[in-house]
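Here the structure comes first, spelled out in structure tokens, and everything after it is commentary.
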Amino acid sequence: MKRFGTYLLLQGKRALRLLPRTLAVTLLLTLSAALILAVVSARRASDVSRRKTLVGVIAMDDNPYIMMGIHAMETFDAMRDEISFLMMEEEPEALQKLRAGEIAAYVVVPEGFVDMMYTDDVHPLRFVTLAGVTRLDSLLAAELAEAVAKLMIETQNAQYGAIHYAMDHVQGSDPYEADDVLIDRYFAIVFDRDKLFRLETVGLSGELSFGGYYLCGVSVAFLLLWGIGACPLFTRRSEEVGTLLSARGFGAVRQVAGEFGAFYFLMLCGALCAGAAGLFLLRRAGTAVPELPYVPAGALIRALAFLVLTLGSMQFFLYELVPENPGGILLQFLNAAVQSFAAGCFYPSSFFPDGLRRFGEHLPAGTALRYLGGVMSWSGGGVAGMLGWTALFLTLSAAVRRYRQTGRGA
Amino acid sequence: MTGEIRDIRKNYGKTAVLRGVTIPVERGGSVALVGANGSGKSTLLRVLAGVLRPQSGEFLWEGVDLLRSRALLERTVAYVPQGTPLLEELSALDNLRLWYDRETLEASLSGGMLRELGVQEFLKTPASRLSGGMRKRLSIGCAISRDPQILLLDEPTAALDLAARERLLDYFSGFCARGGTILLATHDLREVEACTQCCLLSGGVVTPYEYDGDARRLARALERP
């Protein structure tokens, strides 16, 4: 036990000496990756913005006026150059297409919507879009404002016409009183927007907003890239120290535990520093991550501790497989690139085909992303999966170490 | 005779590397183990150090088989591998701390084995900045933390300059003069000359060899199947 304490302490000392360099390299890599992806995304976004926005329509009501209305909007409305409509059968299908980026939003028309317009009992339209996509919200608001303004003017004209007609032709009743009743009923329907439509937003993944999702993605990618920055800790370690320790009864399991303990410490220190700096910059830049104010600092630190445990153990195992330079760094780079892409760190996995999405979700990085997303959205993160990966990687690391020291590789 | 390496056999998979190695060892003696690259010298030393487990064989020392008693093996034998078993980013002192407890380290530095090796000259220097000779002396210093009776050395003076090599050889002769035993794997004729006994390892077996200073004859002996 005393030997383990000394070993852990000395490995920790090594790690601490490498911390500034590791942190600098990792930050540089993450910023570079984020910058490249931002440029690519911006280009793609400008391509998309030149196209018409596709909105799904799920009509539970088979009233012919619905189709007529949609046709009218597509043909005559001011929005016809910007929006086209796609009729859909089921809401789950629409939700899937929304998350996959195939449609920008969908509208659910409730059953009996048109008939209910004749009474006060109106069930609202549901307009569902991705959280953070404001373009459609503002289009809809502008359209409604214009419609309401026109309605008010036309209604005013109709009102005066009705009063004059009543004064000239209807005997025995007060036309002004009848007009008041008419206006009351009209306003009750038209100006109560809650009754007309309800705007709902869904996240890219679970309940996360765009900002929240990308914050999770970049955090996981940063931790994945940490393996590259930390290479001196592994590639410069002497195999012979382990061999001699093993000969002195300090076996592979305790060696791995001591070295991983130090690496974990290094990575956690770096993650906390980078996390604090990142949050400060986000606040300064005013970037919208709506979830962030509601997540306690303690929960974020605990989440980081678990993320570092899982992703760190994976990187440790990879260096155990290939401890030399440049093979070790190359393996870390490939692993970080493949896992961050497949898990959806930079590009939402909901955009991927089903098979790739499921594969990505079950990778260590995917598990980590889901866990962090769960913590951010208060839907609960699955720690079991993270701990499972950690146990697997550390066990494999000890097995590889033992084989190298006592097997053919010795 | 104080001890004997008896009939050591070691296979890597189906390949037999050591096919029954037997070498008598004496207290205060030194054995040079000479053989071509890949002949199994390092494997033999690793088996004797307890790093590798042999298929069969004994390492007898004062009547006890050290391979059957790990605690006794750890106290009796020190092994210095060919590479340097050091934590590069840490100072020489930190490297020593891994192998010594505090009291033994202080005693050894103030007038014991470490002082004799001259380790105190570079205690605060990071291992990565030490010269080849210093690194080797530090490696030996780490290995002898338990005051061993037998020192197993794998090519100890390879790639060292003359001064560093002579300093190490002086240390080895002092170690033997105090009753210690050295078994070293080497290609260096100066080391072979300095040893009291020479063995050729070829085809997985060992044969005693009387080295008379004729390097060509030794080379021819190594080439014989």
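Need a quick list: helices (runs of 4 or more DSSP H) entirely within region A:277-379 having at least 3 residues that are closer than 27 Å to A:PRO232 by Cβ.
A:297-321, A:327-343, A:364-376
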Which condition number in (1) closer than 24 Å to A:LEU28 by Cβ; (2) in contact with a Pro (Cβ under 6 Å, 6 or more places away or on another chain) is the one that A:GLU240 fails? (1)
Here is a check on your reading of the model: is A:THR287 within 21 Å of A:LEU29 (Cβ to Cβ), out of contact with any Leu (no Cβ under 7 Å at 6 or more places or on another chain) and modelled with pLDDT of 90 or more? no
Just name the residue that is surrounded by the most Cβ atoms within 10 Å (Cβ to Cβ) out of those in region B:49-88 that are more than 7 Å from every other protein chain (Cβ to nearest Cβ) and among the polar types (S, T, N, Q). B:THR76
Could you check region B:6-45 and list, in sequence order, the residues that are under 18 Å from B:GLY179 (Cα atoms) and part of a strand (DSSP E or B)? B:PRO24, B:VAL25, B:SER30, B:VAL31, B:ALA32
Exactly one of these conditions fails for B:GLY213: (1) open to solvent by 40 Å² or more (accessible area, probe 1.4 Å); (2) more than 30 Å from B:ASN11 (Cα to Cα); (3) outside any loop (DSSP other than H, G, I, E, B); (4) of a type in the set (Gly, Ala, Ser). Give me its number. (3)
Output for region B:32-48, where each listed residue is touching a strand residue (DSSP E or B) at 6+ places or on another chain (Cβ under 7 Å) and within 13 Å of another protein chain (Cβ to nearest Cβ): B:GLY40, B:SER42, B:THR43, B:LEU44, B:LEU45, B:VAL47, B:LEU48
Since A:LEU28 meets every condition but one in (1) modelled with pLDDT under 85; (2) open to solvent by less than 10 Å² (accessible area, probe 1.4 Å); (3) not polar (S, T, N, Q), which condition does it not meet? (2)
Restricting to region B:89-118, and then to whatever is closer than 25 Å to B:ARG46 by Cα and away from chain A (no Cβ under 11 Å), can you tell me which residue is most open to solvent (accessible area, probe 1.4 Å)? B:MET113
A:ALA94 open to solvent by less than 50 Å² (accessible area, probe 1.4 Å), at pLDDT below 75 and out of contact with any Asp or Glu (no Cβ under 9 Å at 6 or more places or on another chain): no
Quickly run through region A:290-305 and pick out the residues that are crowded, with 19+ Cβ neighbours inside 10 Å and over 14 Å from A:TRP378 (Cβ atoms). A:LEU304
Could we say that B:LEU93 is assigned to a helix (DSSP H, G or I), more than 20 Å from A:GLY251 (Cβ to Cβ), touching a Lys or Arg at 6+ places or on another chain (Cβ under 7 Å) and in contact (Cβ under 8 Å) with a residue 24 or more places away in the chain here? yes
Is it the case that B:ALA163 is over 18 Å from B:TRP99 (Cβ atoms), at pLDDT below 85, hydrophobic (A, V, I, L, M, F, W, C) and part of a loop (DSSP other than H, G, I, E, B)? no
What are the residues in region A:241-276 that are among the charged types (D, E, K, R) and part of a helix (DSSP H, G or I), if any? A:ARG254, A:GLU259
Could you look through region A:256-269, keep only residues that are open to solvent by 40 Å² or more (accessible area, probe 1.4 Å) and among the aromatic types (Phe, Trp, Tyr), and pick out the one that is farthest from A:LYS13 (Cα to Cα)? A:TYR264
Filtered residues of region B:16-39 (kept if under 19 Å from A:GLN405 (Cβ atoms) and either under 14 Å from the mean Cα position of the chain (by Cα) or open to solvent by 10 Å² or more (accessible area, probe 1.4 Å) (or both)): B:VAL17
Quick check: anything in region A:108-117 open to solvent by less than 50 Å² (accessible area, probe 1.4 Å), closer than 29 Å to A:GLY212 by Cα, assigned to a strand (DSSP E or B) and at pLDDT 70 or above? yes
Failed item in (1) open to solvent by less than 30 Å² (accessible area, probe 1.4 Å); (2) touching a helix residue (DSSP H, G or I) at 6+ places or on another chain (Cβ under 6 Å), with A:VAL253 passing the rest: (1)
Tally up the residues in region B:119-129 that are more than 9 Å from chain A (Cβ to nearest Cβ), surrounded by fewer than 17 Cβ atoms within 10 Å (Cβ to Cβ) and under 23 Å from A:ALA15 (Cα atoms), please. 4
Within the set of pairs 6+ apart or on separate chains, which have a first residue in region A:245-264 that is more than 11 Å from chain B (Cβ to nearest Cβ), a second that is open to solvent by 10 Å² or more (accessible area, probe 1.4 Å) and aliphatic (A, V, I, L, M), and C-beta atoms under 6 Å apart? A:ALA252/A:ALA398; A:VAL253/A:ALA398; A:VAL256/A:ALA398; A:GLY261/A:LEU8
Could you run through region B:148-169 and say how many residues are in contact with a strand residue (DSSP E or B) (Cβ under 9 Å, 6 or more places away or on another chain), away from chain A (no Cβ under 12 Å) and charged (D, E, K, R)? 1
Just checking, which of B:SER56, B:SER30, B:SER69 is of a type outside the set (D, E, K, R) and in contact with a Cys (Cβ under 9 Å, 6 or more places away or on another chain)? B:SER30
Among the numbered criteria (1) at pLDDT 90 or above; (2) in a helix (DSSP H, G or I), which single criterion is violated by B:ALA71? (1)
Counted residues, region A:210-241 - those being open to solvent by 10 Å² or more (accessible area, probe 1.4 Å), more than 14 Å from chain B (Cβ to nearest Cβ) and closer than 23 Å to A:GLU324 by Cβ: 2
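The values are calculated or read from the model by the stated rules, or taken from the named source; none is laboratory data. Just so you know, these numbers come straight off a predicted model, no measurement behind them. No Cβ is skipped: glycine too gets one built from the backbone with ideal geometry, and neighbour counts run over all protein chains shown. For the accessible areas, the whole protein counts, side chains as well, though only heavy atoms, and no ligand, DNA or RNA atoms are used. Shrake-Rupley method; radii C 1.70, N 1.55, O 1.52, S 1.80 Å.
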